[in-house]
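The values are calculated or read from the model by the stated rules, or taken from the named source; none is laboratory data. All figures in this text were calculated on a predicted structure; none of them were measured in a lab. Here the Cβ is made from the backbone with ideal geometry for all residues, glycine too, and neighbour counts use every protein chain on show. In case anyone asks, the SASA skips ligands and DNA or RNA and just uses the protein heavy atoms, side chains included. Shrake-Rupley method; radii C 1.70, N 1.55, O 1.52, S 1.80 Å.
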Amino acid sequence: MKGLVVVLALVLAAALGSARGERELRQLRDQAPPGSRPHSVTITEFGAVGDGKTLNTVPFQNAVFYVRSFADKGGAQLYVPKGRWLTGSFNLTSHLTLYLEKGAVIIGSKESSQWPIVEPLPSYGQGLDLPGPRHRSLINGYNLTDVVITGNNGVIDGQGSVWWQWLRSHELNHSRPHLVEFLHSEEIVISNLTFLNSPAWSIHPVYCSNVKVHNVTIETSLDAPRTDGIVPDSCSNLCIEDSTVSVSHDAISLKSGWDKYGISFGRPTSNIHINRVNLLSSSGAALAFGSEMSGGISDIHVNHLRIRDSYKGISFKTSPGRGGYIKQVAISDVQMKDVHVGIEFTGNCSSHPDDSFDPSQLPVINQITLKNLVGTNISVAGVLAGIDGAPFTAICLSNLNFSMAADSASWSCSKVAGYSEMVFPEPCTELRDPSSSSSICFSLSRYSAIAIA
């Protein structure tokens, strides 16, 4: 419960937007009650065997069904002791803490039949990899409230290599599953765990609010196909803190639906706080926005990123047909090392769920501020390419210093406009318009009072 109170406290402080808000936030943190539940059961009580061979899908399902009886009595904890607990997909319930002890490993089955088929998300219209339905994630929550997934550095391992091979060899019948997915849920905390080898994305909250992810480690093979780390998707009031993500594709990726499906569903991603995270992306971006952003992305605050050994550092991705917007984004205090492209804005992500997209639905990219960035061994400082008829505007760079790799390029810009100050190497002329001023920028200053220490 302590983590849940912190999430709500963060939202309260953001609304206050003042020193008073910071004081009240700290007071609420000090007063937060312990995170224990009044009732507890152990997975072995339901016949589970932690030998890494026995399939425990039914014990997990039965355990969750049993603890539902405590929902109106303060909830319950499902304790997973040391062992290797092989399982297929299972659902959680409200007012539940799933606790993995040190040495406990929940292992996803390699049998696709243990991952049931479900309908695609309504804001996407199809699965991640293929048209039509998709496999359900390993651990799921639907229309839940007050759920904690935590432990003493326990592990959730999706054994994704078999899924990666099926994708590469075109043997998939339905889109790959994720490790953890919550839909239409609120007051969710995920903490103190390691997530390994997701078939697709590791943590995917979608249509959720009041979510906190902190002190997690996420790793997949760096040559795995399209394995993202944390993907807030049409979510509000979400916080990611003190975590490390090392994956092949986008480490943290903010999304809000795909083309006409996302436009029609109309749920944006907003009020997102990301603080003190270490990111690595071998073939994607350490921090990505889009390209599925048709419901809109706004009011995003990112501080204290450490990015290394990545293809791209920070990327904003969209395309004609997306509609929607990415606006009011403030990113500050970023260190990059050994990154190919430091900053990317692109309006040419041409993937679409089907051929019926409307190219006249143009996205709006506006009021993006990047401040206090330092980079070492950067190959390309920035590639910024907007859209004909929909240039990206109010892109602001302040106090940016990239040490460039030998034989490297600096900036490439088209169909963008903005403002820059104290930037090295000197940015393109589109970001040095003498008629522009810092007044067009989405400022960080009014949010400094609510930053989490």
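Could you give the size of the charge dipole of the chain about its Cα centre, using +1 on the Cβ of each K and R and -1 on the Cβ of each D and E, expressed in debye and rounded to the nearest 20? Intermediate results must be reported in sequence, preceding the final value.
On the way: 34 positive and 39 negative charges, 166 e Å.
Here the chain has a charge dipole of around 800 debye.
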**Q.** In sequence order, calculated HN-Hα J values of segment 275-283 (Karplus, 6.51, -1.76, 1.60; Hz; x Gly/Pro)
**A.** 9, 6, 10, 10, 10, 9, 9, 6, 10
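Would you tally the net charge around residue 412, using a Cβ to Cβ cut-off of less than 15 Å, leaving residue 412 out, and scoring K and R as +1, D and E as -1? Write down the numbers at each step before the final one.
Details: positive: 312, 415, 432; negative: 344, 426, 430.
Overall, the nearby charge balance is 0.
What part of the accessible area of the chain, given as a whole %, is carbon or sulfur when the probe is 1.4 angstrom?
Numbers: 8390 of 17060 Å².
C and S fraction of accessible area: 49 percent.
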Q: Return the lysines within reach of residue 260: Cα separation strictly under 26 angstrom, same-chain partners fewer than 8 residues apart disregarded; answer none if there are no such residues.
A: 317, 327, 415
Q) Using the per-residue mean of other Cβ atoms lying within 10 Å as a proxy for protection, in what order, highest first, do the peptides 425-438, 205-218 fall? A) 205-218, 425-438
Q. Straight-line reach from residue 212: which lysines have a Cα under 19 Å away, not including same-chain ones fewer than 8 places off?
A. 2, 255
Q. Can you run phi through the Karplus equation (6.51, -1.76, 1.60; θ = phi - 60°) for segment 199-211 and list ³J(HN,Hα) in whole Hz, with x for Gly and Pro?
A. x, 9, 9, 7, 10, 10, x, 9, 6, 10, 9, 6, 10
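If you roll a 1.4 Å probe over the heavy atoms of the protein chains, what accessible area per residue do you get for segment 103-217, in Å²? Before the final figure, lay out each step's value.
On the way: 3630 Å² over 115 residues.
Accessible area per residue, segment 103-217: 32 Å².
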Q.
What do you get for the angle between helix 19-31 and the principal long axis of the chain? Use alpha-carbon atoms, 0 to 90 degrees, nearest ten.
A. 20 degrees
Q: Quick one: net charge around residue 422, please, counting Lys, Arg +1 and Asp, Glu -1 for every other residue with C-beta under 15 Å from its C-beta.
A: -1
Q) Once you charge only the Cβ atoms, +1 for Lys and Arg and -1 for Asp and Glu, what is the size of the charge dipole of segment 332-453 about its Cα centre, to the nearest 20 debye? A) 460 debye
Q. Whose amide H sits under 5 Å from the amide H of residue 101, counting only residues 5 or more places off or on another chain, with H placed in the peptide plane?
A. 80, 152
Q | segment 89-199: C-alpha gyration tensor shape, a/c 1.5 cut-off, then a/b vs b/c | A | oblate
Q. List the GluC sites (Glu not before Pro) in segment 156-242 that DSSP assigns to loop (not H, G, I, E or B) and whose Cβ has at most 14 other Cβ atoms within 10 Å. Which are they?
A. 171
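For the chain, what does the helix formula give at 222 nm: sum of -39500 (n - 2.57) over DSSP H segments with n ≥ 4, over the residue count, nearest 500 deg cm²/dmol? Walk me through the numbers before you get to the answer.
On the way: 5 runs with 54 residues, N = 453.
The per-residue figure over the chain is -3500 deg cm²/dmol.
Within a Cβ distance under 14 Å of residue 300, other residues only, what is the Lys/Arg minus Asp/Glu net charge?
+1
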